[in-house]
Amino acid sequence: MEINEILDKVSAMYLKFGIKSVTMDDVARELLISKKTLYQYVKDKNELVEKVIDRLIEADNQQYCNILDKDRNAIEQLFDVCKHIREIITEVSTSARYDLKKYYPKQFTKLYEKKKEMMLTSVTENLEKGKQEGLFRQDFSTQYIALFFVSRIENTIEIEFFMDERITQQDFFVEVFEYHIRGLASPNGLKFFEENINELKQQ
(Lines give C-alpha, C1' and ligand atoms only; values in the text may rest on other atoms or scores of the structure.)
Protein backbone atom coordinates (compact mmCIF):
# COMPACT_ATOMS: atom_id res chain seq x y z
CA MET A 1 0.00 0.00 0.00
CA GLU A 2 1.35 3.44 -0.98
CA ILE A 3 1.77 6.10 1.70
CA ASN A 4 -0.43 8.58 -0.19
CA GLU A 5 -3.22 6.02 -0.34
CA ILE A 6 -2.95 5.60 3.42
CA LEU A 7 -2.95 9.35 4.01
CA ASP A 8 -6.00 9.89 1.79
CA LYS A 9 -7.99 7.25 3.67
CA VAL A 10 -6.90 8.55 7.07
CA SER A 11 -7.72 12.09 5.99
CA ALA A 12 -11.25 11.00 5.11
CA MET A 13 -11.61 9.41 8.55
CA TYR A 14 -10.34 12.53 10.35
CA LEU A 15 -12.59 14.85 8.35
CA LYS A 16 -15.64 12.71 9.04
CA PHE A 17 -15.13 11.65 12.67
CA GLY A 18 -12.62 14.15 14.05
CA ILE A 19 -9.00 13.46 14.95
CA LYS A 20 -9.06 12.73 18.67
CA SER A 21 -11.61 9.92 18.45
CA VAL A 22 -9.82 8.06 15.65
CA THR A 23 -7.19 5.77 17.17
CA MET A 24 -4.31 4.03 15.47
CA ASP A 25 -6.26 0.78 15.95
CA ASP A 26 -9.16 2.35 14.04
CA VAL A 27 -6.82 3.39 11.26
CA ALA A 28 -5.23 -0.07 10.96
CA ARG A 29 -8.66 -1.68 10.93
CA GLU A 30 -9.92 0.69 8.22
CA LEU A 31 -6.83 0.08 6.10
CA LEU A 32 -7.06 -3.69 6.60
CA ILE A 33 -3.49 -3.86 7.85
CA SER A 34 -1.93 -4.65 11.19
CA LYS A 35 -0.90 -1.86 13.55
CA LYS A 36 2.66 -3.14 13.25
CA THR A 37 2.52 -2.55 9.50
CA LEU A 38 1.05 0.91 10.07
CA TYR A 39 3.99 1.82 12.28
CA GLN A 40 6.32 1.03 9.41
CA TYR A 41 4.95 4.16 7.71
CA VAL A 42 4.75 6.48 10.75
CA LYS A 43 6.24 6.30 14.23
CA ASP A 44 3.13 7.57 16.05
CA LYS A 45 -0.17 9.41 15.69
CA ASN A 46 1.49 12.83 15.81
CA GLU A 47 3.54 12.01 12.74
CA LEU A 48 0.46 10.59 11.03
CA VAL A 49 -1.47 13.82 11.65
CA GLU A 50 1.50 15.84 10.39
CA LYS A 51 1.66 13.82 7.17
CA VAL A 52 -2.11 14.07 6.68
CA ILE A 53 -1.92 17.86 7.01
CA ASP A 54 0.90 18.02 4.45
CA ARG A 55 -1.19 15.89 2.12
CA LEU A 56 -4.23 18.15 2.57
CA ILE A 57 -2.12 21.23 1.82
CA GLU A 58 -0.79 19.59 -1.34
CA ALA A 59 -4.28 18.57 -2.48
CA ASP A 60 -5.77 21.99 -1.75
CA ASN A 61 -2.97 23.73 -3.62
CA GLN A 62 -3.56 21.48 -6.62
CA GLN A 63 -7.27 22.19 -6.52
CA TYR A 64 -6.74 25.95 -6.61
CA CYS A 65 -4.21 25.55 -9.45
CA ASN A 66 -6.74 23.51 -11.41
CA ILE A 67 -9.39 26.19 -10.92
CA LEU A 68 -7.07 28.98 -12.06
CA ASP A 69 -5.79 26.96 -15.03
CA LYS A 70 -9.25 26.30 -16.45
CA ASP A 71 -10.24 28.22 -19.56
CA ARG A 72 -12.89 30.22 -17.70
CA ASN A 73 -13.17 33.93 -17.04
CA ALA A 74 -12.65 35.56 -13.63
CA ILE A 75 -16.30 35.40 -12.58
CA GLU A 76 -16.58 31.74 -13.60
CA GLN A 77 -13.43 31.05 -11.59
CA LEU A 78 -15.14 32.52 -8.53
CA PHE A 79 -18.09 30.20 -9.14
CA ASP A 80 -15.62 27.29 -9.04
CA VAL A 81 -13.90 28.58 -5.89
CA CYS A 82 -17.27 28.92 -4.15
CA LYS A 83 -18.15 25.35 -5.13
CA HIS A 84 -14.78 24.12 -3.81
CA ILE A 85 -15.22 25.84 -0.45
CA ARG A 86 -18.77 24.56 -0.07
CA GLU A 87 -17.57 21.00 -0.75
CA ILE A 88 -14.89 21.36 1.91
CA ILE A 89 -17.44 22.59 4.44
CA THR A 90 -19.71 19.65 3.66
CA GLU A 91 -16.88 17.13 4.09
CA VAL A 92 -15.28 18.52 7.26
CA SER A 93 -16.95 17.69 10.58
CA THR A 94 -17.09 20.27 13.34
CA SER A 95 -14.98 18.04 15.57
CA ALA A 96 -12.19 17.72 12.98
CA ARG A 97 -11.41 21.42 12.99
CA TYR A 98 -11.89 21.65 16.77
CA ASP A 99 -9.57 18.71 17.44
CA LEU A 100 -6.88 20.02 15.14
CA LYS A 101 -6.97 23.47 16.74
CA LYS A 102 -7.00 22.18 20.34
CA TYR A 103 -4.78 19.10 20.27
CA TYR A 104 -2.48 19.81 17.33
CA PRO A 105 -2.01 23.61 17.35
CA LYS A 106 1.26 23.47 15.40
CA GLN A 107 -0.35 21.51 12.57
CA PHE A 108 -3.45 23.73 12.74
CA THR A 109 -1.37 26.87 12.31
CA LYS A 110 0.60 25.29 9.47
CA LEU A 111 -2.55 24.24 7.61
CA TYR A 112 -4.39 27.52 7.92
CA GLU A 113 -1.35 29.70 7.20
CA LYS A 114 -0.75 27.72 4.01
CA LYS A 115 -4.43 27.94 3.10
CA LYS A 116 -4.36 31.69 3.66
CA GLU A 117 -1.27 32.02 1.49
CA MET A 118 -2.83 29.96 -1.32
CA MET A 119 -6.11 31.86 -1.14
CA LEU A 120 -4.36 35.23 -1.19
CA THR A 121 -2.38 34.23 -4.27
CA SER A 122 -5.41 32.86 -6.11
CA VAL A 123 -7.66 35.82 -5.21
CA THR A 124 -4.98 38.30 -6.35
CA GLU A 125 -4.60 36.48 -9.68
CA ASN A 126 -8.38 36.37 -10.08
CA LEU A 127 -8.77 40.10 -9.45
CA GLU A 128 -6.07 40.95 -11.98
CA LYS A 129 -7.59 38.57 -14.52
CA GLY A 130 -11.02 40.17 -14.05
CA LYS A 131 -9.57 43.64 -14.61
CA GLN A 132 -7.79 42.51 -17.77
CA GLU A 133 -10.98 40.92 -19.09
CA GLY A 134 -12.98 44.06 -18.40
CA LEU A 135 -15.31 42.13 -16.07
CA PHE A 136 -14.08 43.92 -12.92
CA ARG A 137 -13.75 47.64 -12.30
CA GLN A 138 -10.31 49.20 -12.64
CA ASP A 139 -10.67 51.62 -9.71
CA PHE A 140 -9.96 49.35 -6.71
CA SER A 141 -6.73 48.21 -5.04
CA THR A 142 -6.09 44.56 -5.89
CA GLN A 143 -3.91 44.16 -2.80
CA TYR A 144 -6.46 45.59 -0.36
CA ILE A 145 -9.46 43.78 -1.81
CA ALA A 146 -7.57 40.46 -1.86
CA LEU A 147 -6.64 40.86 1.82
CA PHE A 148 -10.19 41.90 2.71
CA PHE A 149 -11.81 39.00 0.88
CA VAL A 150 -9.48 36.36 2.32
CA SER A 151 -10.04 37.76 5.81
CA ARG A 152 -13.80 37.63 5.25
CA ILE A 153 -13.64 33.99 4.15
CA GLU A 154 -11.49 33.04 7.15
CA ASN A 155 -13.88 34.71 9.59
CA THR A 156 -16.90 33.11 7.93
CA ILE A 157 -15.44 29.62 8.36
CA GLU A 158 -15.43 30.04 12.16
CA ILE A 159 -17.95 27.50 13.46
CA GLU A 160 -19.22 29.68 16.28
CA PHE A 161 -20.65 32.09 13.73
CA PHE A 162 -23.28 29.53 12.76
CA MET A 163 -25.04 28.77 16.01
CA ASP A 164 -28.36 29.73 14.41
CA GLU A 165 -29.60 26.50 12.79
CA ARG A 166 -31.55 28.53 10.23
CA ILE A 167 -28.24 29.57 8.65
CA THR A 168 -26.00 27.10 6.81
CA GLN A 169 -22.40 27.81 5.89
CA GLN A 170 -22.98 26.50 2.37
CA ASP A 171 -25.79 28.98 1.63
CA PHE A 172 -23.99 31.77 3.44
CA PHE A 173 -20.95 31.38 1.20
CA VAL A 174 -23.10 31.78 -1.90
CA GLU A 175 -24.30 35.12 -0.53
CA VAL A 176 -20.72 36.16 0.33
CA PHE A 177 -19.51 35.38 -3.18
CA GLU A 178 -22.47 37.13 -4.81
CA TYR A 179 -21.82 40.20 -2.66
CA HIS A 180 -18.12 40.07 -3.58
CA ILE A 181 -18.76 39.79 -7.32
CA ARG A 182 -21.39 42.52 -7.41
CA GLY A 183 -19.05 44.87 -5.57
CA LEU A 184 -16.23 44.31 -8.09
CA ALA A 185 -18.07 43.90 -11.37
CA SER A 186 -17.93 46.39 -14.20
CA PRO A 187 -21.13 46.92 -16.24
CA ASN A 188 -20.00 44.10 -18.56
CA GLY A 189 -19.15 41.90 -15.61
CA LEU A 190 -22.47 42.56 -13.94
CA LYS A 191 -24.28 41.69 -17.18
CA PHE A 192 -22.35 38.41 -17.43
CA PHE A 193 -23.02 37.65 -13.76
CA GLU A 194 -26.76 38.26 -14.06
CA GLU A 195 -26.91 35.99 -17.10
CA ASN A 196 -25.05 33.19 -15.32
CA ILE A 197 -26.07 33.63 -11.68
CA ASN A 198 -27.77 30.23 -11.65
CA GLU A 199 -24.35 28.57 -11.92
CA LEU A 200 -23.55 30.06 -8.51
CA LYS A 201 -26.97 29.52 -6.96
CA GLN A 202 -27.41 25.90 -8.07
CA GLN A 203 -24.01 24.52 -7.06
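The values are calculated or read from the model by the stated rules, or taken from the named source; none is laboratory data. A quick note: this is a predicted structure, and the numbers were derived from the prediction, not measured. Neighbour counts run over all protein chains shown; Cβ positions are idealised from the backbone, glycine included.
Looking at Gly134, Gly130, just one residue is of a type in the set (Gly, Ala, Ser), under 30 Å from Pro187 (Cβ atoms) and buried (at least 17 other Cβ atoms within 10 Å of the Cβ), and that residue is Gly130. Taken together, the residues in region 65-105 that are touching a helix residue (DSSP H, G or I) at 6+ places or on another chain (Cβ under 6 Å) and of a type in the set (Asp, Glu) amount to 2. Applying the condition of being under 15 Å from Ile145 (Cα atoms) and among the β-branched types (Val, Ile, Thr) to region 170-203 and asking which residue is nearest to the chain's Cα centre (by Cα) yields Val176.
Of the candidates Tyr98, Tyr14, the single residue that is farther than 30 Å from Ala185 by Cα, at pLDDT below 90 and not basic (Lys, Arg) is Tyr98.
Whenever a residue of region 132-150 is on the phi < 0 side of the Ramachandran plot and of a type in the set (Ser, Thr, Tyr), its partners that are surrounded by fewer than 15 Cβ atoms within 10 Å (Cβ to Cβ) and part of a helix (DSSP H, G or I), lying with C-beta atoms within less than 8 angstrom and at least six residues away or across chains, give the pairs Thr142/Glu128. If the condition is being out of contact with any helix residue (DSSP H, G or I) (no Cβ under 9 Å at 6 or more places or on another chain) and of a type in the set (S, T, N, Q), then region 46-64 contributes only Gln62. Would you be able to say whether some residue in region 147-156 is among the basic types (Lys, Arg) and either more than 20 Å from Tyr64 (Cβ to Cβ) or surrounded by fewer than 18 Cβ atoms within 10 Å (Cβ to Cβ) (or both)? Yes, the conditions are met somewhere in region 147-156.
The requirement of being surrounded by 17 or more Cβ atoms within 10 Å (Cβ to Cβ) and of a type in the set (Asp, Glu) is fulfilled somewhere in region 97-116, by at least one residue.
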